[in-house]
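Asks: Attaching a single structure in structure tokens format; questions to follow.
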Amino acid sequence: MKTSHNRLQRYSPLDRANHWTMAMAFLLLALSGLAFFHPAFFFLTHTLGGPVWARILHPFIGVVLVLLFYAMAVRHVRNNLLGGNDVQWMRQIGDVLNNRDDKLPEIGKYNPGQKLVYWALVVSIAVLLISGVIMWRPWFAGYFPIPLIRFASLLHALSAFVAIVTIVVHIYAALWVKGSVRAMTRGWVTRAWARHHHGLWAREKEENERRERH
Amino acid sequence: MNNSQNIIARSATTTPPPQVRNDVEEVAKLIDVSKCIGCKACQVACMEWNDLRDDVGDCHGTYDNPRDLTAESWTVMRFTEYESSDGDLEWLIRKDGCMHCAEPGCLTACPAPGAIVQYANGIVDFDSNHCIGCGYCITGCPFDIPRISPKDNKSYKCTLCSDRVNAGMEPACVKTCPTNCIEFGSKKDMLARAEKRVGDLKARGFRDAGIYDPAGVGGTHVMYVLHHADDPNRYAGLPKDPRISPLVGAWKGITKPIMSAIIGITAFAGVIHYVTKGPKEEPEEAPDDATPPANRGGDAGHDASSGADPHSLGYDATRSSRSSSDAQRHPPGGDR
Ligand code: HEM
Ligand code: SF4
């Protein structure tokens, strides 16, 4: 669905395919990882075909996630730098949470909450990759000294925790702000949605449209 | 696994393991390093009893063969040529293998329920049938003992011949040792014997002789008598004060339940927020949005006013819209 009289395009088909592939990879990683994280979650190893398969597959899925994630992340750096009315928006976080949207300043393509999700994942997924490779048996762990493997294991667990909490928040935000999920499933948002939630972005998009028309 | 009813610790398990049959004396193997002649009969006995046949190694200029512990060599004699400050050369030989710690780092780290167990008699056993091959036991062990087999990706180490001990026999290495350097019995008896040997050694001039039963891991069920107990490192890097690394403690300790709880609470907070505050409903489309873009070109006031007023993007988008028809229905100064 392209831009039309009452719709604005937010994500291309490639963006969407990438996002949902990543979502599936992340889900499998989180479930299989949590299985090793604490005995209470060990049953989750069955999401990847049993404990041994979970152990074998987890790191490979991790590498897939890393490739997809950073392919996406580099294209969105610009939209995720703090600026504009972001600081003011953050000061009014109470208004955000209480749905008093009419009091909020206009913001760009992403609000500071979304930017925080972006940066938390940029950092935690990098740490997960590095620490994960150091722990990875039988392929790589043997090349590293045991004290380093210990440190990597701790870091992997901590950064997985950060990533999982971040994704829980991300999923909630998508369900909370009606009209957002469709942006990632169908690619478009209504103009009203765009003006309401991302005024600066909507204006930029609409200005571009006008310029193209003339 | 030889007795499934006297297990005092079980990996990745948060409820008590089956342990009613625990009126069992703690056992220990005592290795008197000062009596070892390095004949490796114990290595052979270990292979024989446990049906292990490691690959034939290569010579690399020392007597150590194989060079290191492997999944099929659960004990290795480590030879050290130690030159003291006054020029004396000492040939130190230490039988390396699992120490059967009272507080085993391998068991603490293992994520697979029941893959590592500790029996009431103190033996730490790998139930390799439940092993998933993650290598966390290697990460956890303060002595660098477990090894993962390249053949099946399972972890292995000395069992202290738990199968023999369970049937009332001593471990194979103990049975075969020609100099009685290795002895086996109750931990109490072995400590008493060790005291005696330390006394002998001291009488013969080894002032620093002592027992290696490190308290940092709660004591071990394999103990050494060392002529230089003040410097265990001399014996091919035997750690002086081994304990479960604080990094492993932080990794496997209280952080895990806390992090798990925070993940759960975050999701729960979402549910509560949704049912109390409600979602941000999709803003209704303004009438001008419904008109084709060609007609919206003349909507002159739109951009100018929306930037100036931060409140212009109202909760109800129809209100903030400045089309002429909208303005008529909502005169300025109305309910905004
Ligand atoms: C980026 C590439 C990744 C690699 C190479 C990797 C690798 C590993 C490895 C080798 C393990 C040990 C278990 C095993 O051998 O399978 C592990 C455990 C784990 N992974 Fe990953 N992983 C990656 C990404 C992730 C991600 C994105 C998450 C979170 C969603 C995650 C969560 C976990 C957790 C929670 C554990 C258990 C840690 C513990 O035992 O405390 N991993 N990972
Ligand atoms: S020496 Fe290592 S493998 Fe043996 S019980 Fe202690 S921690 Fe486990």
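The values are calculated or read from the model by the stated rules, or taken from the named source; none is laboratory data. Note that the structure is predicted; figures quoted are calculated from it, not measured. For neighbour counting, all protein chains shown are included, and Cβ atoms are generated from backbone atoms with ideal geometry for every residue, glycine included.
Asks: From the list A:106, A:207, A:212, exactly one residue is out of contact with any Phe, Trp or Tyr (no Cβ under 7 Å at 6 or more places or on another chain) and more than 10 Å from chain B (Cβ to nearest Cβ). Which is it?
Replies: So the residue among A:106, A:207, A:212 that is out of contact with any Phe, Trp or Tyr (no Cβ under 7 Å at 6 or more places or on another chain) and more than 10 Å from chain B (Cβ to nearest Cβ) is A:212.
Asks: Has segment B:154-173 got any residue that is within 16 Å of ligand 1 (Cβ to nearest atom) and not small (Gly, Ala, Ser)?
Replies: Yes, segment B:154-173 contains a residue that is within 16 Å of ligand 1 (Cβ to nearest atom) and not small (Gly, Ala, Ser).
Asks: Here are B:83, B:103: which of them is within 21 Å of the chain's Cα centre (by Cα) and in the same structural domain as residue B:11 (by TED's automatic domain parsing)?
Replies: B:103
Asks: Checking the condition of a type in the set (Val, Ile, Thr), without any contact (Cβ under 8 Å) to a residue 60 or more places away in the chain and either within 16 Å of ligand 1 (Cβ to nearest atom) or closer than 28 Å to residue B:255 by Cβ (or both), which residue from B:132, B:145 passes?
Replies: B:132
Asks: Of all residues in segment A:124-146, count the ones that are part of a loop (DSSP other than H, G, I, E, B) and within 8 Å of ligand 1 (Cβ to nearest atom).
Replies: Count: 2.
Asks: Turning to a different aspect of this structure: Pick out, from segment B:156-241, the strands (runs of 3 or more DSSP E) lying fully within it that include 1 or more residues that are modelled with pLDDT of 95 or more and more than 25 Å from residue B:80 (Cα to Cα).
Replies: Fully inside segment B:156-241 and qualifying: B:182-186.
Asks: What's the number of the only condition in (1) more than 16 Å from ligand 2 (Cβ to nearest atom); (2) under 30 Å from residue B:132 (Cα atoms); (3) in a helix (DSSP H, G or I) that residue A:174 fails to meet?
Replies: Exception for residue A:174: condition (2).
Asks: Turning to a different aspect of this structure: Which of the residues belonging to segment B:47-74 are in contact (Cβ under 8 Å) with a residue 40 or more places away in the chain and in a strand (DSSP E or B)?
Replies: Correct list: B:70 only.
Asks: Restricting the search to segment B:110-155, which residues are part of a helix (DSSP H, G or I) and either within 14 Å of ligand 2 (Cβ to nearest atom) or away from chain A (no Cβ under 14 Å) (or both)?
Replies: Hits for segment B:110-155 are B:128, B:136, B:137, B:138, B:139, B:140.
Asks: Residues in segment B:256-309 that are assigned to a helix (DSSP H, G or I), closer than 30 Å to residue A:166 by Cα and modelled with pLDDT under 95: how many?
Replies: Final tally of qualifying residues: 0.
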